[in-house]
Amino acid sequence: QVTLVESGGGLVQAGDSLRLSCAASGRASSISSINRMGWFRQAPGKQRELVAAINNGGSTNYADSVKGRFTISRDNAKNTVYLQMNSLRPEDTAVYSCAARAGTSWDYNYWGQGTQVTVSS
């Protein structure tokens with residue numbers, strides 16, 4: 001079992017930056033089975049979308065809407081994944097959740113509770 005806890009959300013103005021953190025905890029065997037982590041977001045009335053993801057090899061991918069503005073990274077020693085968000089826009093307002101794919105799952109099978117990011121114009 002893996003527990004994910006996000007932090008770092010808040011209310012900012014357009015053009016500002018925020019860094020979200022996602023700390024993973026659980027049994028060492030469960031943590032070591034994580035092979036991919038991602039950040040998702042869901043705005044009111046919209047479907048959840050993948051914002052950025054990173055795998056064990058360090059390869060990353062981003063939604064087109066955040067390329068060049070957001071950066072996903074990880075600190076394996078701290079079992080933490082980060083999402084650096086720069087040049088924030090009002091349309092980035094959403095609940096941001098991190099997720100982990102672990103073991104033999106084909107999909108993300110662990111989710112955090114989410115953190116609110118609100119960008120005012």
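The values are calculated or read from the model by the stated rules, or taken from the named source; none is laboratory data. Quantities reported herein were computed from a predicted structural model and do not represent experimental measurements. Neighbour counts run over all protein chains shown; Cβ positions are idealised from the backbone, glycine included. SASA here: full protein model, heavy atoms, side chains in, ligands and nucleic acids out. Shrake-Rupley method; radii C 1.70, N 1.55, O 1.52, S 1.80 Å.
Considering each residue of the stretch 84-109, count those that are of a type in the set (Lys, Arg) and touching a Lys or Arg at 6+ places or on another chain (Cβ under 7 Å), and give that number.
1
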Inset, instruction - Scan the stretch 37-67 for residues that are more than 18 Å from VAL117 (Cβ to Cβ) and open to solvent by 50 Å² or more (accessible area, probe 1.4 Å) and report the count. - result: 6
Inset, instruction - Report yes if VAL51 is within 19 Å of GLY15 (Cα to Cα) and in contact with a helix residue (DSSP H, G or I) (Cβ under 7 Å, 6 or more places away or on another chain), otherwise no. - result: no
Legend entry - Qualifying positions in the stretch 71-111 - of a type in the set (Asp, Glu) and either under 17 Å from LYS46 (Cβ atoms) or touching an Asp or Glu at 6+ places or on another chain (Cβ under 7 Å) (or both): GLU91, ASP92
Legend entry - Leading residue by the ranking (surrounded by the fewest Cβ atoms within 10 Å (Cβ to Cβ)) among those in the stretch 75-94 that are farther than 17 Å from SER120 by Cα and at pLDDT 95 or above: GLN84
Inset, instruction - Please state which of the following conditions THR60 fails to meet, knowing it meets all the rest: (1) in contact with a helix residue (DSSP H, G or I) (Cβ under 8 Å, 6 or more places away or on another chain); (2) free of Cβ contacts under 8 Å to residues at least 40 places away in the same chain. - result: (1)
